[in-house]
Amino acid sequence: MMTDSVARLRSPSTRRLWLVIGALVLAVVGLGSYYFLTRGTVPNAPARTDVVSFSGTGDDVTESFSVTEPWQIHWETDGETFSFAIDGDRDYGVVIEQDGPGSGVTSPVGSGTFYIEVMAEGPWRVQIFQGE
C-alpha cells in the first residue's frame with residue numbers, strides 16, 4: 001500500500017507539473033545558449049567605441065585595423081559612385097556598392113585584422129566602430 005506522499009508524487013497532475021518545469025528549464029537553457037552562440041558576446045559588452053576613421057575623394061586602400069566581434073562600418077559618400085571591399089584575415093569581397101550620394105552601416109561577422117579597398121568617384125568617409 002502506498003503512502004499519501006508517494007501517491008501524490010505518482011499522480012498525473014504532479015507528472016504534468018514536472019513536465020512543465022522541465023520544459024521551462026530546457027527553454028531557458030536553450031535560449032541562453034542561442035544568445036551566446038549567435039551573438040558571440042558577453043551580456044555586459046562594452047559600449048561602442050571608435051576604432052579608426054578613413055576618408056578620401058577617390059580610390060584608396062586603408063591602413064589595417066584590428067577588431068573583435070561585434071563591429072560595424074559606418075560609411076557615407078557624396079560622390080557619383082562608391083563601393084568597398086573588406087579584406088585581411090577574411091576576404092569579405094565587395095560589401096557595399098552605391099550609385100550617387102548615400103550612407104549606411106554594415107556589421108561584418110568575425111574578428112581579426114582587416115583593411116578596406118575603396119573604389120569611389122567623389123568624397124567618402126568610413127568609420128570603424130567596436131561594440132554594440
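Extending 7 Å from Cα along the Cβ direction at Glu63 and again at Ile21 yields two label points whose distance is 6.0 nm.
For Arg48 and Glu80, a Förster radius of 35 Å and the Cβ-Cβ distance give a FRET efficiency of 0.70, rounded to the nearest 0.05. State whether the stretch 49-130 is rounded, prolate or oblate according to the following rule on the C-alpha gyration tensor (a ≥ b ≥ c being the square roots of its eigenvalues): a/c under 1.5 gives rounded; otherwise a/b larger than b/c gives prolate, and the remaining case gives oblate. Cα axes put the stretch 49-130 in the prolate bin.
Read-outs throughout are calculated quantities, based only on the coordinates presented, and are distinct from any laboratory measurement. Bear in mind that the values here come from a model prediction, so they are computed numbers and not experimental data. Note that each Cβ is placed from the backbone with ideal geometry, even for glycine, and that neighbours are counted across all protein chains shown.
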